[in-house]
Amino acid sequence: MTGFHALRVKLSLMYREIAKFGAVGGAGVLVNIGVFNLVRHSTGLQTVRASVLATLVSIAFNYVGFRYFTYRDRDRAGRTKELGLFLFFSCIGMVIENGVLFVATYGFHWDSQLQSNVFKFLGIGVATLFRFWSYRTWVFRRLPARDAVEQAESFLTADGTADGTAADQAAGGVRRKPRKADANGVNLNG
């Protein structure tokens, strides 16, 4: 496996993670916008208060989706710490998301239904960038063993010893092709 191939494999895994994050996040956006409009028009709450309530509902929805779909293969030890970090970073994301809406509503007096939804959506987009980075870096951490295996495989493939080179054959050993698995542990070698 060359360095270029290893990079392609890592990017492929990252694309899958982004797709899963996007699927859960997209459903979370629908929940967020739906609850926002429902609360705003049925209760008479102010725009930003309705938005905060909708964000809290979507945070609960997203945690379940991220834990059991997007990051189900990540470390599950310390659920209390994981949930605490998730809520901490989600609250920062909520401040970012609703800060955009607050500035639009109270700073520029853009408070029509269309304007509120546009700036709510814009705030969600900005906060999503922060959330993706923080969740994958701090909340849903990779399993340490998986990192060690990937580092060992990249080390072996970098010096050419894992593919049955002359050095392996001279040592008298017959090397098997290393096992390749996707993010769920499914054997890709066949």
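The values are calculated or read from the model by the stated rules, or taken from the named source; none is laboratory data. Predicted model only: the values in this text are computed from it and were never measured. Glycine also receives a Cβ, built like all others from the backbone with ideal geometry; neighbour counts cover every protein chain displayed. Surface accessibility is based on the protein's heavy atoms, side chains included, excluding ligands, DNA and RNA. Shrake-Rupley method; radii C 1.70, N 1.55, O 1.52, S 1.80 Å.
Overview of values
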{"read-out": "Alpha-carbon centroids, region 18-58 and region 77-127: separation in whole Å", "value": "10"}
{"read-out": "Fraction of accessible area attributable to carbon and sulfur, region 6-157 (%, probe 1.4 Å)", "value": "72"}
{"read-out": "Derived scalar couplings ³J(HN,Hα) [region 82-89; Karplus, 6.51 cos²θ - 1.76 cosθ + 1.60; whole Hz; x for Gly, Pro]", "value": "4, 5, x, 5, 4, 5, 4, 5"}
{"read-out": "Per residue, in Å², the accessible surface of region 1-67 once ligands and nucleic acids are set aside, probe 1.4 Å", "value": "54"}
{"read-out": "Debye, to nearest 20: dipole size of region 1-151, +1 on Lys, Arg Cβ, -1 on Asp, Glu Cβ", "value": "440"}
